[in-house]
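**Student:** Sharing a structure below in structure tokens format, with a few things to ask.
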Amino acid sequence: MGQLFGRTDPAPDAGWTDAGPRKGFFTDTSICIGCKACEVACKEWNQLPAAGAGESGGLLGSSYDNTGALGADTWRHVAFIEQDSGRIAAARESGRRLVDLGMPTLSPAAGGSMDGARSPRVDALAAAGASDGIGVPGGAGAHAGVDVLGDTEGSAHPDTPEFRWLMASDVCKHCTHAACLDVCPTGALFRSEFGSVVVQDDVCNGCGACVAACPFGVIERRADGVSEPGRQRPQAEAVGHSQGGIAQKCTLCYDRLTEGEQPACAQTCPTESIRFGERDELVERARRRVGQLHSQGMTEARLYGANENDGVGGTGSVFLLLDEPEAYGLPPDPRVCTADLPGMYARAGLAAAGMLAAAALAFARRGGRA
């Protein structure tokens, strides 16, 4: 177990001496078209069951969002969220409030700085949108002296539609401080040299500690104890977890990364809503994209998972959202459970010291009376 909380590079912290730059995803939900190609590619490459058991093959049948949520059989999930004009306006207003809470701003004419406090709730900032012209219509001169993150009254605001779909491809966050990894008693989960968190299905005993620990509800146990379709684990009966099965989740296509390939979902995405690469570069790209959307009046745009000071130390999977995290089924303030261990140990130590002191005092008084 490495560092329990705070900013860190997860692969070196886990003991990798030859690890390269951390890899990850940037998912831009503003250009996701909901085609679910990423879901299909993920299932095809990882040989995952279609969607579970049942007459409908496990599909919900109640929405275009057929799979419902991430799980042991669904490592990529495209959510469909319906919003009316009232919810759209509320999302834009919440984005404006985030922008007005002292977010880092950029004003080239005034020599502005990108330094500043970030919101612990959501990393809803964008940087360098106007300084280099990247991703900003009109190039560097079009917004000279304009704060793309601040007041947007002068920006052209698109017509507010009466209805919209929010589509977002969700995936394991590969947290900097991964609770599932910290609580695993068998070492079935490990930190790879790419910074991702991977499950070794032949080591997992199906205890489910990781399921309870994950603040995002990503990891689950496969009920039939099968790690791949048509292949029963030989030790399934021996370890006695045929009911619970083994834990399963996205591996960032670890087998593909070791061969120099990118994950199947990113390679398949037709709109490049899912991008794979070095995490630091992806975060910078994501911030420029938020700056572009803000300059167009879409104040609801914000980043999720890019803040290294949040409760999980930032995530390997960074998302651009168009509403509050709760609208996408994401926790607004994710926190790794093991971050409380130092404080718990300190309190336990103080309690033990107090009990010893009380016992010593009692014996001393008894000896004095004797």
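**Student:** Would you confirm whether or not region 307-328 contains a residue that is without any contact (Cβ under 8 Å) to a residue 40 or more places away in the chain, out of contact with any Ser or Thr (no Cβ under 7 Å at 6 or more places or on another chain) and surrounded by 11 or more Cβ atoms within 10 Å (Cβ to Cβ)?
**Tutor:** The initial filter retains those residues of region 307-328 that are without any contact (Cβ under 8 Å) to a residue 40 or more places away in the chain, namely 326.
Next, from what is left, pick out any that are out of contact with any Ser or Thr (no Cβ under 7 Å at 6 or more places or on another chain): 326.
When the remaining residues are screened for being surrounded by 11 or more Cβ atoms within 10 Å (Cβ to Cβ), the result is none.
Checked against the condition, which is being without any contact (Cβ under 8 Å) to a residue 40 or more places away in the chain, out of contact with any Ser or Thr (no Cβ under 7 Å at 6 or more places or on another chain) and surrounded by 11 or more Cβ atoms within 10 Å (Cβ to Cβ), region 307-328 yields no hits at all.
**Student:** Let me ask something additional. Would you point out the residue of region 329-354, among those that are in contact (Cβ under 8 Å) with a residue 24 or more places away in the chain and farther than 14 Å from PHE216 by Cα, that is surrounded by the fewest Cβ atoms within 10 Å (Cβ to Cβ)?
**Tutor:** Top of the filtered list is PRO342.
**Student:** Specify the residue that is modelled with the lowest pLDDT; the eligible residues are those in region 43-67 that are in contact with a Gly (Cβ under 9 Å, 6 or more places away or on another chain) and buried (at least 17 other Cβ atoms within 10 Å of the Cβ).
**Tutor:** Once the filter is applied, the top-ranked residue is GLY52.
**Student:** When residues of region 199-217 are filtered for being part of a loop (DSSP other than H, G, I, E, B) and under 12 Å from LEU181 (Cβ atoms), how many remain?
**Tutor:** Looking only at that region, the number is 2.
**Student:** Within the bounds of region 246-258, is there any residue that is farther than 18 Å from TRP45 by Cβ and either buried (at least 19 other Cβ atoms within 10 Å of the Cβ) or modelled with pLDDT under 95 (or both)? Even if it seems obvious, please write down each step before you answer.
**Tutor:** Of the residues in region 246-258, the ones farther than 18 Å from TRP45 by Cβ are 246-247.
In the following step, the residues that additionally are either buried (at least 19 other Cβ atoms within 10 Å of the Cβ) or modelled with pLDDT under 95 (or both) were identified as 246-247.
Yes, there is a match, as at least one residue in region 246-258 is farther than 18 Å from TRP45 by Cβ and either buried (at least 19 other Cβ atoms within 10 Å of the Cβ) or modelled with pLDDT under 95 (or both).
**Student:** When the residues of region 324-370 are narrowed to those that are part of a helix (DSSP H, G or I) and charged (D, E, K, R), which ends up nearest to VAL78 (Cα to Cα)?
**Tutor:** Among residues in region 324-370 that are part of a helix (DSSP H, G or I) and charged (D, E, K, R), the one nearest to VAL78 (Cα to Cα) is GLU326.
**Student:** Another question, then. Is it the case that PHE190 is in a loop (DSSP other than H, G, I, E, B), aromatic (Phe, Trp, Tyr) and on the phi < 0 side of the Ramachandran plot?
**Tutor:** For PHE190, the condition - in a loop (DSSP other than H, G, I, E, B), aromatic (Phe, Trp, Tyr) and on the phi < 0 side of the Ramachandran plot - is not met.
**Student:** Determine, yes or no, whether CYS35 is at pLDDT 90 or above, buried (at least 20 other Cβ atoms within 10 Å of the Cβ) and outside any strand (DSSP E or B).
**Tutor:** So CYS35 does not fit the description; no.
The values are calculated or read from the model by the stated rules, or taken from the named source; none is laboratory data. Worth saying up front: this structure is predicted, and the values here are computed from it rather than measured. So basically every Cβ, Gly included, is an ideal-geometry build from the backbone, and we count neighbours across all protein chains shown.
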